[in-house]
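What follows draws every value from the coordinates through simple rules; no lab data is involved. Since the model is a prediction, treat every value here as computed from it, not as a measurement. Virtual Cβ from ideal backbone geometry, glycine too; neighbours counted across all protein chains shown.
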Amino acid sequence: MRLSRYFLPILKETPKEAEIVSHRLMLRAGMLRQQSAGIYSWLPMGKKVLDKVGQIVREEQDRSGAIEIMMPTIQSADLWRESGRYDDYGKEMLRITDRHERDMLYGPTNEEMVTDIFRSYVRSYRDLPLNLYHIQWKFRDEVRPRFGVMRGREFLMKDAYSFDVDQEGARRAYNKMFVAYLRTFERLGLQAIPMKADSGPIGGDMTHEFIVLASTGESAVFLDKELLDTPVPGADTDFDADLSPIVTAWTSKYAATEEMHDEAAFAALPDERKVTARGIEVGHIFYFGTKYSEPMGAKVAGPDGTERPVHMGSYGIGVSRLVAGLIEASHDDAGIIWPDSVAPFDVGLVNLKVGDAATDAACEDLLAKLEAAGKDVLYDDTDGRAGAKFATMDLIGLPWQLIVGPKGLADGMVELKRRASGERETLSIESALARLT
Ligand code: ATP
Ligand code: MG
Ligand code: MG
Ligand code: MG
C-alpha cells in the first residue's frame, strides 16, 4: 500500500477528550472516528487491526472445536420475554420499535437467540457436545461510555455458547474455552490472567474473567506472581484430552479482581509473590447450567430416553476492546508498538527522497520483493520531511521500518529499525530483505 493513495488521517494535536493513552493513540494514528458517545467508525488502519484480532480469536475458537455462525444484531423482544430478561436487563438494553409496533432490541448478548436456534434443531444427547460462536457487534447503553473502544456502547464481541447433556460435559466445554482463551491472548502478545469471577445465583467455580494487567485498567487486581510464569498450552494441545490439569495449574493460585478479593487468602501468600495491579477485562467465561434452557424449553433426550434441559455456558471476548488493550499494554512516548501478530502492516518502507530516481527505484524494487514474499508493506512515498515521516512511522507502530535514502544507497545500504527495541541497523539491501522475509 502506498501512503499517497491510502487513507491515514493522522492528527497532529492530541485530542483533549481522550483520557487514556490507547484512546489518544488510536485517534492520533487515524484508526478511529467517534460518531456519537461510545459509537465509532473504524478507519482503514483500525479496521485492519480489528480484523487481525478477530481472526486470531476465530482460529483459536475453531481449534478448540467451536463452530462459527452469525446471528443478527437486532433481536425480537419476545425471545427475551421467554427467559425473563426483557424486563430485568434494564437501561443497558437499547429497545427499538419497528413499523408494526413490534418490540425489538439491539442485542447486548445472545443467550436467548442461540438457545432458540438450539431448541429448533437438536433433540438428542448424541448431537452433543456442541459449541456455537459468532463475532458480532453488540450494543449496551453504558452509563459511562469512555476510554474510546475500551468501553464503547457499540462494540465487537466474540461470544460462544456451549451445550452439554450434563454438568460434567459442561465442565469439559468450559475447560476447552479456558485453554482456547489462554492461547488466544498469548497469540495476541498479551498476558491475560484468568481470575475467578462472581457466579451470582448460579454458584460454583465455573466462571473466570481474563484480565490483562495495565495501569489504566478499571479494576484493581490481586494475584500470585507465579501466575505470570505459568506456561500457556501450545498449538498441539489435544482438545479432546482431559484439560483439567491445565485449568487447575491456572486456578489453584490466587488471582482475583477487587469484586472477588479475599484479603485473608491473599495475605497468606509470601510477600514476594503478592502482586497488586490494575487490570482490563478482555474475556469472560461462564457456566450457567439450565438458566435459559429450562424456561425456553431447550431439551435433549438422554441415553435413557428421558428429556432434560441442556447445560449451557457462555464465553465472551471483547474483540474491539482488545485493540485498545493491546495499545495500553504496548506503547511508548512516540506511539503504538504493535505485536507482529496483529500489526496493521508488517513493514513501513520510508523513502527519504521522493523524486530522486535512484531512491524511488530502490523503494519500488523493495516494495515489489517484500510483497512477493507475502509481506504487507506501507510505503511512505509522500513528499514529506524525514523527521515527520519517522514520527508517523513511530506513531502507527509497525514492527519494522525500512529506511531508504540517497546517501546510504550510494554505498548500497539501507537502514532497518525495529520499532519495539528502537534498534537501528545499517545493512545491504539483500541482508535487509533476508531479515524481513
Ligand atoms: P465490563 O465489566 O467491562 O462492563 P462485562 O462483564 O459487562 O464487561 P461481559 O458481559 O462479560 O462484559 O462481556 C464479554 C466481554 O465483552 C467482556 O469481557 C469485555 O471484554 C467485552 N465488553 C463488555 N462490555 C464492553 C463495552 N462496553 N465495550 C467494549 N467491550 C466490552
Ligand atoms: Mg458491563
Ligand atoms: Mg465485568
Ligand atoms: Mg464480564
Exercise for review: Per DSSP H run of at least 4 residues, take -39500 (n - 2.57); add these up for the chain, divide by its residues and hand me the 222 nm value, nearest 500 deg cm²/dmol.
Suggested key: -9500 deg cm²/dmol
Check your understanding: Ordered by packing density, taken as the mean number of other Cβ atoms within 10 Å over each peptide's residues, highest first, how do 165-178, 33-46 rank?
Key -> 165-178, 33-46
Exercise for review: Using the number of other C-beta atoms within 10 angstrom as an exposure proxy, rank Phe163, Phe266 with the fewest first.
Suggested key: Phe266, Phe163
Exercise for review: Could you let me know the centre-to-centre spacing of region 201-225 and region 22-97, using Cα atoms, in angstrom?
Suggested key: 21 Å
Review point. What ranking do Arg278, Arg81 get, fewest neighbouring Cβ atoms within 10 angstrom at the top?
Key: Arg81, Arg278
**Study point:** Gain in span if fully extended, Lys12 to Thr97, counting 0.36 nm per residue against the direct Cα distance
**Key:** 26.4 nm
**Study point:** region 260-381 shape via C-alpha gyration tensor axes, a/c threshold 1.5
**Key:** oblate
Exercise for review: Show the residues, 5+ positions off or on another chain, whose built amide H is closer than 5 Å to the amide H of Asp141.
Suggested key: Met93, Leu94
Check your understanding: Highest GNM mean-square fluctuation, the chain, Cα pairs closer than 10 Å: which of Met150, Met70, Met26?
Key -> Met70
**Study point:** Low-density loop cleavage sites - trypsin sites (Lys or Arg not before Pro) in region 343-435, where at most 11 other Cβ are within 10 Å (DSSP)
**Key:** Arg385
**Study point:** Model label zone, Ser120; criterion: amide N under 18 Å from point 7 Å along Cα-to-beta-carbon; scope region 73-96
**Key:** 73-83
Check your understanding: Taking the Cα atoms only, what angle lies between the long axis of helix 111-121 and the longest principal axis of the chain, rounded to 10 degrees?
Key -> 70 degrees
Point to revise | Nearest-0.05 FRET efficiency for Ser41 and Asp236, computed from C-beta distance (R0 35 Å) | key: 0.30
Check your understanding: If you take the beta carbon distance between Thr306 and Tyr89 as r and set R0 to 22 Å, what does 1/(1 + (r/R0)^6) give as a FRET efficiency, to the nearest 0.05?
Key -> 0.10
Review point. Helix 357-372: angle to the longest alpha-carbon principal axis of the chain, degrees 0 to 90, nearest 10?
Key: 30 degrees
Check your understanding: For region 59-64, what does the Karplus curve 6.51 cos²θ - 1.76 cosθ + 1.60, with θ = phi - 60°, yield as ³J(HN,Hα) per residue in whole Hz, taken in order and with x for Gly and Pro?
Key -> 4, 6, 5, 4, 4, 7
Practice item. Let me know the shape class of the chain, please: from the alpha-carbon gyration tensor, a ≥ b ≥ c as square roots of the eigenvalues, rounded when a/c is under 1.5, otherwise prolate if a/b is greater than b/c, or oblate. Key: prolate
Study note, to complete from the structure: Too long for a 21 Å Cα-Cα cut-off, among Lys12/Lys52; Lys353/Lys407; Lys12/Lys417; Lys375/Lys417; Lys196/Lys253, are Lys12/Lys52; Lys12/Lys417
Study note, to complete from the structure: Nearest 10, in degrees from 0 to 90: the angle of helix 386-396 to the longest Cα principal axis of the chain is 10 degrees
